[in-house]
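To keep things clear, I will list the structure first and then write my remarks on it.
The values are calculated or read from the model by the stated rules, or taken from the named source; none is laboratory data. Predicted, not measured: the structure shown is a model, and the values here were computed from it. Methodologically, a virtual Cβ is constructed for each residue, glycine included, from the backbone with ideal geometry; neighbour enumeration extends over all protein chains shown. Each accessible area value is taken on the protein alone, full model and side chains, heavy atoms only, with ligands, DNA and RNA left out. Shrake-Rupley method; radii C 1.70, N 1.55, O 1.52, S 1.80 Å.
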Amino acid sequence: MDKKNEKVIAKYLSGKDAEYMYETCEETPGTCPVCNNRLEDVINMSYKIRKKKGDLFYTYDLFCIVTETFKRFCEENDYPDLTFIQITASPGYYYFTAEGVFKMDDERCKVKFMNKRECCGSYDEIICSRPFYKSPDFILQTDDFILRTNHRFGSFQMKTQLVIIGLKTMRKMQDYGIKGIYFHNVYE
């Protein structure tokens with residue numbers, strides 16, 4: 001089907017770049033000691049983000065960082081199951097993740113799972129081509145939500161779960177004045 005005829009049902013977020021939270025894979029906690037694949041996000045509380053314009057950033061090693069403005073927007077709109085961890089050395093900045101899962105269609109997204117590791121059960125890389133599609137068996141109850149993808153995309157210690165939001169959520173973010181976020185299509 002031609003993308004022009006496909007229905008956009010959500011957006012995934014990207015933001016401005018920020019410096020590495022951890023410079024090397026050896027420094028990155030939360031990784032498998034055998035293969036260095038990131039298994040969980042462990043925040044460096046001494047991480048200092050340079051003052052930047054915008055309200056959402058991804059470090060080069062793919063940690064999602066948001067501002068107090070983004071956090072306040074989420075709290076005022078009562079979005080459930082969101083985690084904000086204040087970074088001690090960077091007041092006003094938070095590590096951010098959504099706990100609720102948006103299930104992607106692995107086949108239509110052409111997700112590639114590369115080199116599954118016996119040591120921890122993770123993959124060295126999970127790569128997804130664009131465009132992104134919702135799994136047909138995943139039912140959305142609303143168009144006002146903040147969720148995350150069901151996979152950590154990326155390579156080794158540089159992996160992240162993408163933030164997926166509803167179309168109404170996007171409009172509310174724009175009206176609220178959230179800055180520096182890029183909205184990319186997710187299709188039915």
Problem set entry | Probe 1.4 Å, accessible area per residue of region 107-157, Å² | 59 Å²
Exercise. For residue 116, which aspartates and glutamates qualify as cross-link partners when the Cα separation must be under 12 Å and same-chain residues fewer than eight apart are set aside?
Worked result: 124, 125
Exercise. In whole Å, what is the distance between the alpha-carbon centres of region 21-92 and region 101-180?
Worked result: 17 Å
For this session: Take peptides 45-57, 9-21 and line them up by average Cβ neighbours within 10 Å, highest first, as a rough protection proxy.
Result: 9-21, 45-57
Problem set entry | √(5λ) per eigenvalue of the Cα gyration tensor, the chain, largest first, Å | 25, 24, 13
For this session: Sequence neighbours fewer than 8 away in the same chain don't count; with that in mind, list the lysines whose C-alpha is under 27 Å from residue 112.
Result: 3, 4, 7, 11, 16, 103, 134, 159
Exercise. What's the FRET efficiency of residue 103 with residue 32 using the Cβ-Cβ distance as r and R₀ = 25 Å, to the nearest 0.05?
Worked result: 0.50
For this session: Please give the calculated 222 nm ellipticity per residue for the chain, where each DSSP H segment of at least 4 residues contributes -39500 (n - 2.57) and the sum is spread over every residue; nearest 500 deg cm²/dmol?
Result: -3000 deg cm²/dmol
Exercise. Residue 77 label point, 7 Å along Cα→Cβ, cut-off 15 Å on backbone N: hits in region 83-110?
Worked result: 83, 97-100
Problem set entry | Carbon and sulfur %, accessible surface of the chain computed with the full protein complex present, 1.4 Å | 48 percent
